[in-house]
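What follows is a set of notes on a single structure, which appears directly below.
The values are calculated or read from the model by the stated rules, or taken from the named source; none is laboratory data. Just so you know, these numbers come straight off a predicted model, no measurement behind them. Cβ atoms come from the backbone with ideal geometry, glycine included; neighbour counts cover every protein chain shown.
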Amino acid sequence: MGEKKMADKFKAPRTSELEFGGSLGALLLLFVMPGTVLYLLLTCDTDDASVLRLPGPLPPLESLWSPYAVTLLLGWVSLQALLYALPMGKVTEGTTLRDNTRLQYRINAFHAMLVSSVLVGVSLLLKLPLSYVYDHFLQLAVSAGLIALALSIFLYIKSLGAPETALAPGGNSGNPLYDFFIGHELNPRIGGFDLKYFCELRPGLIGWCLVNLCFLMAELELRGSVSLAMSLVFGFQTLYVMDALWHEEAILTTMDIVHDGFGFMLAFGDLCWVPFTYSLQGYFLVTHPQELGTAAALAIILLNAVGYIIFRGSNSQKNTFRRNPADPRVAGLETIPTATGKRLLVSGWWGLVRHPNYLGDLIMALAWSLPCGLSHILPYFYVIYFSALLIHREARDEHQCMKKYGLAWQEYCRRVPYRIFPYIY
Ligand code: NDP
C-alpha cells in the first residue's frame, strides 16, 4: 500500500451520525448543562427546596464569583495533576488505536485518593474550616464551570493542530460547534499527560467525596452531630468512588475513552457536573435535616448492597471475560459467537438483562436519595437524571453493538429481551 493510502487508512472517519440533536442540540446543551447546575443549587438553597418554584433572578455577582474559589479549585486540580504525574502505580496500555498504536496510562487514581485522604485528615487536625466549601458552594460551582469552559476552548484550539489520525470518531463532523461540544481530538495529551484520562476520574470524582465530607463537617458545625442520613449518603458515595478508582483500568475500554473526544461535554461533566450535582443529597441534608429510623436505614443499606453486588458482579464478569475468556470464573458461561471473533455472554449477569451493570448502578442511585426522605423531589435529581442518561447511553451502545455484531446481536436481543429492568424495559 502506498504511503498516502496508508495515512488515509488511519485517518478518523468523518462523523456522519450526529448525536444529542446535532449542532443545535449541542448549542442548547452548552447552556442547559450550566443552567441546570445553577438551578439545582439555587433551589436547594431555598427554605422549601421546591422544584415547583420558578427560578428567581440570578443572585448578585459577588454570590456567584470569587477569585478565592477559583484559586482553591485550581489548587485542587494542580494537586491531583501532581499526584497523577508521580511515578507511583503500574503503567498499562489502552486499546489499540486506528494507527495500530497503543497509548500508555498510569494506574494510580486509588493512590491519589489515599494521599488526598491523608492531606484532608491533616487539614482536619489543623482545624481548617472545611465548611467553607458548603458556605461558598455556588461560587465554587461557577468557578468549576468557568475552568471547564476554558479547558474546552484550549482543547478545541489544540485539536485544530492535531494530526487527522488523532481525531475522535464521534467528534469529527466538521461542524465546529458540534465538535467543540463532543470533543474533536480523541486523546489530547501534553507530553505524557493525558488530559481526558486525568479528568475522568480524579479532580471531579475524588473532589465529589471531599465535597461530601465538607457537607458532613458543615452539618456537624451547625447541629453538633452528624445525622444518620448524612452518614449513609457519605458512606455510599465514598464506596462508589473508591470502587471506580480501584477499577481504574476498566475505564480504558469505555465509550468515553475509546469513542468520544475530549470537549465541553466531558470537561464540564467531569469537573463541574459530577462534583456539584452528584453531591446534591449531602447539600440538601445540611439545611433540610431528615429523621431516619434504624429499620429504614437498614433497608436502604440492603438496597445499596443489592445494587452494588449487581453492578460490581456484572462489570467484573464482562471485564474478566473480555480480558481472558478462558478464565475459570467465566469459562463455564454460555456465549454467542460473532463474526468479529469476539463472543457475547448470554448467561450469568449478562443473561439477566442486556445491561445489568446499569441496573445495579440505578438501584444504588435510588439508595443514595432515599435517606433524604420522601417529601422533596430535589434530592432525587440524581436518580432521575441518571435513569435518562443510562437509557440514552444504552440506546447508543445498542446501536454500536448492532453495527459491530449484526445477526449475533439480534440473536442476543432475542435470547435476552430486556434491556435494563427485567420484565419491564
Ligand atoms: P458497558 O460496560 O455496559 O459496556 C458496553 C459494551 O460491553 C458493549 O459495547 C460491548 O462491547 C460489551 N458487551 C455488551 N453486551 C455484552 C455481552 N453480553 N457480553 C460481552 N460483552 C458485552 O459500558 P459503559 O461504559 O456505559 O458502563 C460501564 C459502567 O459505568 C456501568 O456500570 C455504568 O453504569 C457506569 N457509568 C456510570 C456513569 C456515572 O456517571 N456514574 C456514567 C456512565 C457509565 P464489546 O463487545 O466491544 O466489548
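Remarks
- Residue among TYR278, TYR385, TYR308 that is in contact (Cβ under 8 Å) with a residue 12 or more places away in the chain and touching a Phe, Trp or Tyr at 6+ places or on another chain (Cβ under 6 Å): TYR278
- Residues in region 49-66 that are in a helix (DSSP H, G or I) and either under 25 Å from PRO379 (Cα atoms) or at pLDDT below 85 (or both): SER63, LEU64.
- Residue match in region 279-293 (condition: farther than 30 Å from CYS401 by Cα and aromatic (Phe, Trp, Tyr)): yes
- Pair list, Cβ under 6 Å, 6 or more apart: region 261-273 residue closer than 16 Å to GLN80 by Cβ and small (Gly, Ala, Ser), other residue more than 13 Å from the ligand (Cβ to nearest atom) and part of a helix (DSSP H, G or I): ALA267/ALA148; ALA267/LEU151; ALA267/SER152
- Residue count, region 67-124 (criterion: assigned to a strand (DSSP E or B) and among the hydroxyl-bearing types (Ser, Thr, Tyr)): 2
- Subset tally (residues that are in a loop (DSSP other than H, G, I, E, B) and within 8 Å of the ligand (Cβ to nearest atom)) for region 388-419: 1
- Subset of region 282-318 (residues that are away from the ligand (no atom under 14 Å from the Cβ), in contact with a Pro (Cβ under 8 Å, 6 or more places away or on another chain) and modelled with pLDDT of 95 or more): PHE284, LEU285, ALA297, ILE300
- Verdict on GLY373 being surrounded by 14 or more Cβ atoms within 10 Å (Cβ to Cβ), more than 10 Å from the ligand (Cβ to nearest atom) and not hydrophobic (A, V, I, L, M, F, W, C): yes
- Residue tally, condition at pLDDT below 90 and surrounded by fewer than 18 Cβ atoms within 10 Å (Cβ to Cβ), over region 224-251: 2
- Options LEU86, LEU41; residue that is among the hydrophobic types (A, V, I, L, M, F, W, C), within 27 Å of GLY183 (Cβ to Cβ), surrounded by 15 or more Cβ atoms within 10 Å (Cβ to Cβ) and assigned by TED's automatic domain parsing to the domain that holds SER173: LEU41
Let's see how each residue does on (1) under 19 Å from the mean Cα position of the chain (by Cα); (2) among the hydroxyl-bearing types (Ser, Thr, Tyr); (3) over 19 Å from ILE363 (Cβ atoms):
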position	(1), (2), (3)
GLU200	yes, no, yes
GLY207	yes, no, yes
MET217	no, no, yes
VAL233	yes, no, no
THR238	yes, yes, no
ASP243	yes, no, no
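- One residue alone among GLN237, GLN290 is closer than 30 Å to GLN139 by Cβ, outside any helix (DSSP H, G or I) and polar (S, T, N, Q), and that residue is GLN290.
- Among the residues of region 346-359, the ones that are near the ligand (Cβ under 7 Å from one of its atoms), under 25 Å from the mean Cα position of the chain (by Cα) and in contact (Cβ under 8 Å) with a residue 60 or more places away in the chain come to 4 in all.
- Figure legend. Inter-residue proximity from region 195-208: first residues within 15 Å of THR277 (Cβ to Cβ), second residues of a type in the set (S, T, N, Q), beta-carbon distance below 6 Å, spacing 6+ or different chains. Indicated pairs: TRP208/SER279.
- Among the residues of region 21-38, none is identified as crowded, with 16+ Cβ neighbours inside 10 Å and not in a helix (DSSP H, G or I).
- Some residue of region 331-345 being surrounded by fewer than 15 Cβ atoms within 10 Å (Cβ to Cβ) and more than 13 Å from the ligand (Cβ to nearest atom): yes
- Of the candidates PHE181, PHE154, the single residue that is among the aromatic types (Phe, Trp, Tyr), without any contact (Cβ under 8 Å) to a residue 60 or more places away in the chain and in the same structural domain as ARG202 (by TED's automatic domain parsing) is PHE154.
- Scope region 328-345; condition part of a loop (DSSP other than H, G, I, E, B) and over 29 Å from the mean Cα position of the chain (by Cα); matching residues: PRO328, ALA331, GLY332, LEU333, GLU334, THR338, ALA339, THR340, GLY341
- Looking only at region 162-182, and only at residues there that are in a loop (DSSP other than H, G, I, E, B) and among the hydrophobic types (A, V, I, L, M, F, W, C), the one that is farthest from PHE10 (Cα to Cα): ALA162
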